[in-house]
């Protein structure tokens, strides 16, 4: 069964922004998040051993042949990545044997109303869920911007959408968005400092400013 990558609208600094699922997959591929203190939705400790191989064929899980340690148990298999836990059944993965090797379901957002997020494979095995949002270095819009800048060749729909949004806003609205973005960046900076400390955080920021964000 073939599934095209999804698209989700998320609140951005200048209005709603469409984020493609490939942005999430690239975050996982580059391990561009805090990898310490990861836990499943049920509170089990996660250690990432091997991220897996990015599956670009649109068939089967997002990453194949990964290795994760959950509560001390090494699990070898695949990783599936979505925006929301409900997408597992919406895309009928629970009926697809291609997903019978999935050992971890990675989602950006949690289910609403505190609903449990464990999903089931076709072989009736439960798949634990990891919420990634609390562990991100940046907001989703910033990840999308970075990916857009890395793909400057051709027409960039993300940049086009941003320009269209800005052109329809008043100066006061733009100033409010600028202030909101600055507060958001401060919040992420404080969070990053609390997780990494001044030495590591400042070293990585310095490399990012020089354009070495992916090789810090």
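The values are calculated or read from the model by the stated rules, or taken from the named source; none is laboratory data. These figures come from a predicted structure and were not determined experimentally. Glycine gets a Cβ as well: all are built from the backbone with ideal geometry, and neighbour counts include every protein chain shown.
So which residues in segment 16-32 are within 15 Å of the chain's Cα centre (by Cα) and either surrounded by fewer than 16 Cβ atoms within 10 Å (Cβ to Cβ) or assigned to a loop (DSSP other than H, G, I, E, B) (or both), if there are any at all? Scanning segment 16-32 gives 18, 30, 31, 32.
Taken over segment 1-32, the residue count meeting the criterion of being modelled with pLDDT under 70 and within 24 Å of residue 66 (Cα to Cα) is 5. Taking segment 33-57 as the range and being assigned to a loop (DSSP other than H, G, I, E, B) and free of Cβ contacts under 8 Å to residues at least 60 places away in the same chain as the test, the residues that pass are 43, 51, 52, 55, 56, 57.
Scan 150, 144 and give me the residue that is in contact with a helix residue (DSSP H, G or I) (Cβ under 7 Å, 6 or more places away or on another chain), modelled with pLDDT under 85 and not assigned by TED's automatic domain parsing to the domain that holds residue 23. Unique residue meeting the criteria: 144.
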